[in-house]
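Reviewing the structure listed below.
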Amino acid sequence: MRFSILFPVVALAVLVSGHAADEDLSHLSARQLAERQAGIQRRELAARACAPQIAAFERRRILARDNLMRRQAPSPPPPVCPPCPPCAQASGAPGAPAFGPPGGLPSGAPASAPSGAPASVSSDAPASLPSGSQGFTPPQGSAPPAGQASAPAGSQASGTTSTYASGTTTTASAQVSASVTPHYTSIQNSTCVLHPEVTEGPYYIRNEFLRNDLREDQDGTTLTLDIGVIDSTTCQPFSNALVEIWSANATGSYGGYSGMQGTPDTVHVDTFLRGGFYTNDQGIVELKTIYPGFYTGRTAHIHTMVHKGWTSRDNGTFVSDSGSLTHIGQFFFEDSISDTVFATSPYTSNTQTRTRNSEDNILSSAGDNAYVSLTQLGDSEYLGYITVVVDGSATYSIMNSNELR
């Protein structure tokens, strides 16, 4: 019986240690040493993600031992420590739901919607002028935060949508409530394992608008996307992190770029399906866009960047090079959902060659955690959720020099 109690703990110790301390490694090449070190790091991450389950198992083991020592009727032998749910989510099948949505079923949701889906769907954020603006018509969705007369300090808009005043740059105030209350009130998958960095791609544009609704005049299936951000240096929600996204429209074209070669001929004019907003105290931000279309060579995806210590300008834009860029990534979707969406208008007018998930090399490098979990809210709307774990101490560089202003 004692052996059955101790065996799982010994197995976990072997998992974390990876090798004996006195093992001779002198015969290994530099590449083999690097591969070995990477394997040790992966095992350490797996053990750290399961720390709560390991602690609970240890408590049960000690209780069973004490019962035996007191010659009392022993408690049932503790079971072998099972894989914890976060670990299963981190290594589950692509597109598998990684959360249990809070609240009740949304209005108009099908009977098969996941149990606990949000109780309602927020209406579109109204476009309104920030306090102090004159003659400026911001793109749809550029409303200031609820309860505030204006956007964060330095974010008051001026000029027109095609004329961008330089303005002053002011650090965005921390702990400011977002203009749209996310459907999800807490991060759904708290596994503290870093998400891989993925290429920013050729269609990024710097200094986009600070806003929640990015759709403007673009037709397509509405995607309300809640993004939870965790700082891996603390394993806590990352508040006031600026999360920006950009994606192709229903026919596979990016705003600001035209033609098959992606000529940047309207980068100073087009702003559709681009922009971002900052996370609330719970580390969550909600952005409204459309389900992205595909284009030749790439499956449906959404690009993202996460900024720390960011600043904004008085024309309503944020400064892409301000603060530190802590993450560059991409979000993906199950092919089965894409099949349904792409069978509807205006996606049916997309003449580009469809690339499926299994054919997308960038997706394979992003991993299963890069999939958005979706709940259908109606015939032409989905609610999406994804947790992104970033290194809050990291600083990455933006490669594309094209900018909106």
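The values are calculated or read from the model by the stated rules, or taken from the named source; none is laboratory data. As the structure is a computational prediction, the values presented were derived from the model and not from experiment. Note: ideal-geometry Cβ built from the backbone for every residue, glycine included; neighbour counts use all protein chains shown. Quick note on the areas: whole protein, heavy atoms, side chains included, nothing else; ligands and nucleic acids left out. Shrake-Rupley method; radii C 1.70, N 1.55, O 1.52, S 1.80 Å.
Filter the range 337-363 for residues that are under 17 Å from GLN376 (Cα atoms) and in a helix (DSSP H, G or I) and give the result.
The answer is ILE337, SER338, ASP339, THR340, VAL341, PHE342.
Listed here are the residues, each with its yes/no results for (1) open to solvent by 40 Å² or more (accessible area, probe 1.4 Å); (2) of a type in the set (A, V, I, L, M); (3) farther than 28 Å from LEU210 by Cα.
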site: THR279; (1), (2), (3): no, no, no
site: MET305; (1), (2), (3): no, yes, no
site: LYS308; (1), (2), (3): yes, no, no
site: THR311; (1), (2), (3): no, no, no
site: LEU325; (1), (2), (3): no, yes, no
site: GLN330; (1), (2), (3): no, no, no
site: SER345; (1), (2), (3): yes, no, yes
site: ALA370; (1), (2), (3): no, yes, no
site: THR375; (1), (2), (3): no, no, no
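Give ASN240, ASN207 a once-over and let me know the one that is open to solvent by 20 Å² or more (accessible area, probe 1.4 Å), modelled with pLDDT of 95 or more and out of contact with any helix residue (DSSP H, G or I) (no Cβ under 7 Å at 6 or more places or on another chain). Explain how you work it out, then say what you get.
Numbers: ASN207 fails: open to solvent by 20 Å² or more (accessible area, probe 1.4 Å).
Result of the check over ASN240, ASN207: ASN240.
Being at pLDDT 95 or above, basic (Lys, Arg), open to solvent by less than 50 Å² (accessible area, probe 1.4 Å) and farther than 24 Å from PRO237 by Cα: is that true of ARG356 here? Show your work before the answer.
Working: at pLDDT 95 or above: yes; basic (Lys, Arg): yes; open to solvent by less than 50 Å² (accessible area, probe 1.4 Å): no; farther than 24 Å from PRO237 by Cα: yes.
The answer is no for ARG356.
Among the residues of the range 253-270, which ones are touching a Gly at 6+ places or on another chain (Cβ under 6 Å) and open to solvent by less than 10 Å² (accessible area, probe 1.4 Å)?
The answer is VAL267, and nothing else.
What's the total number of residues in the range 309-336 that are in a loop (DSSP other than H, G, I, E, B) and either under 30 Å from SER358 (Cβ atoms) or within 14 Å of the chain's Cα centre (by Cα) (or both)? Show your work before the answer.
In the first step, residues of the range 309-336 are kept if they are in a loop (DSSP other than H, G, I, E, B); the result is 309-310, 314-316, 320-323, 333-334.
This time we only want the ones that are either under 30 Å from SER358 (Cβ atoms) or within 14 Å of the chain's Cα centre (by Cα) (or both), so: 333-334.
Counting residues in the range 309-336 that are in a loop (DSSP other than H, G, I, E, B) and either under 30 Å from SER358 (Cβ atoms) or within 14 Å of the chain's Cα centre (by Cα) (or both) gives 2.
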